[in-house]
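The values are calculated or read from the model by the stated rules, or taken from the named source; none is laboratory data. What you are looking at is a predicted structure, and each value in this text was computed from that prediction instead of being measured. Glycine also receives a Cβ, built like all others from the backbone with ideal geometry; neighbour counts cover every protein chain displayed. In case anyone asks, the SASA skips ligands and DNA or RNA and just uses the protein heavy atoms, side chains included. Shrake-Rupley method; radii C 1.70, N 1.55, O 1.52, S 1.80 Å.
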2 protein chains.
Amino acid sequence: MLTIGKLGEAAGVKVPTIRYYEQIGLLPEAERSSGNQRLYSRKALERLAFIRHARDLGFSLEAIRDLLSLSDKPDQSCAAADAIAKAQLAEVESRLARLTALKSELERMVVQCAGGKIADCRVIEVLGDHSLCSADHRHPEPEPN
Amino acid sequence: MLTIGKLGEAAGVKVPTIRYYEQIGLLPEAERSSGNQRLYSRKALERLAFIRHARDLGFSLEAIRDLLSLSDKPDQSCAAADAIAKAQLAEVESRLARLTALKSELERMVVQCAGGKIADCRVIEVLGDHSLCSADHRHPEPEPN
DNA sequence: CTTGAAGCTATAGTTGCTAGAGACATTAGG
DNA sequence: CCTAATGTCTCTAGCAACTATAGCTTCAAG
């Protein structure tokens, strides 16, 4: 049995985050010691590692909740899990595309800015003039991070 | 003079967001009509367009605040603006690198998931087993979006 | 002159945590 | 065995950057 600190260390998750996950029902309520401290089993560690890994991959807590409830029913088809992963992949790809465009625009901004005055600054100029913008980068959804 | 709705439309920013920007001091307090409604000049539109464009490029509101205060002093060196843009570029590059890694991991997950049962699902399996993970993708900073 | 859209303020909710206060539990050293 | 240091407990509030709701007022068109 692990205390919350050891669990956090083992899974790479901070202690308050673990308590937060319990609070929102992503982790079951932990067993308690005689002194009311949380105690965790190896299974709990696996579940937390799963969550952490999925978070690292950019899945939202909602998506993770779905994935966890799927993994509790190992006899069903994995189509639903597949769908969640595919949606996540699509989102990652769209973010990649946007970021690539941003990168080149930022590079263009930075190149010419070696010591001039603000009045001629490319950075300020580009930001101020929407028409110089290559495309309409919009933020269609909040980033799940 | 534009009403807040027209301004929002022209700049591509939602009305409550404009009021929020005013509240946090990113936009100056707007003039008011006799009936207490906000009125905006062309200059205000430019400022808002600047903000929106910078947000699209992923700058935080704090960075934008700095950029705006710089652009109010056109005789100073643009080194500071340059530095802000370079920092932003570095962050975009690091996010790009992370996302690229995530994408290939997600692709690997999704490839083999065509109709099996949850018990054999690659998605669940990969998420559950940290050791299959190519590298340590951590989220060092919150994404500014 | 009426009606419906657009505006106003103020407050609360969102996501995914993080930080703080003040009290109790556990553990290592003397 | 006692003490000090660390760890844990609960609870609340805060962060970014908005978004949504409620209940009101004002404006513009017909």
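When each of B:Tyr40, B:Tyr21 is tested for being within 11 Å of DNA strand C (Cβ to nearest atom) and either hydroxyl-bearing (Ser, Thr, Tyr) or within 19 Å of the chain's Cα centre (by Cα) (or both), the lone residue that passes is B:Tyr40.
Mind checking whether some residue in segment B:53-60 is touching a Leu at 6+ places or on another chain (Cβ under 9 Å) and farther than 16 Å from A:Leu102 by Cβ? No, segment B:53-60 has no match at all. Selection within segment B:62-86: residues that are more than 8 Å from chain A (Cβ to nearest Cβ) and surrounded by 15 or more Cβ atoms within 10 Å (Cβ to Cβ). The member of this set that is farthest from the chain's Cα centre (by Cα) is B:Ala80.
When B:Gly8, B:Gly35, B:Gly12 are checked against the criterion of being within 14 Å of DNA strand D (Cβ to nearest atom) and within 9 Å of another protein chain (Cβ to nearest Cβ), a single residue qualifies: B:Gly12. Residue pairs whose Cβ atoms lie under 6 Å apart, separated by 6 or more positions or on different chains, with the first residue in segment B:25-47 and closer than 19 Å to B:Ser71 by Cβ and the second within 10 Å of DNA strand D (Cβ to nearest atom), are B:Leu27/B:Tyr21.
For B:Leu26, the stated conditions hold: it is among the aliphatic types (A, V, I, L, M), in contact with a Lys or Arg (Cβ under 7 Å, 6 or more places away or on another chain) and either open to solvent by less than 30 Å² (accessible area, probe 1.4 Å) or over 17 Å from A:Leu106 (Cβ atoms) (or both).
Would you pick out the residues in segment A:11-47 that are of a type outside the set (Lys, Arg) and more than 22 Å from A:Ser60 (Cα to Cα)? Answer for segment A:11-47, where residues must be of a type outside the set (Lys, Arg) and more than 22 Å from A:Ser60 (Cα to Cα): A:Ala30, A:Glu31, A:Ser33, A:Ser34, A:Gly35, A:Asn36, A:Gln37, A:Leu39, A:Tyr40, A:Ser41. Just one of the listed residues (A:Ile51, A:Ile18, A:Ile4) is open to solvent by less than 50 Å² (accessible area, probe 1.4 Å), at pLDDT below 95 and not aromatic (Phe, Trp, Tyr), namely A:Ile51.
Check B:Leu96, B:Leu89 and return the single one that is touching an Asp or Glu at 6+ places or on another chain (Cβ under 7 Å), at pLDDT 60 or above, closer than 18 Å to A:Leu99 by Cα and open to solvent by less than 30 Å² (accessible area, probe 1.4 Å).
B:Leu89
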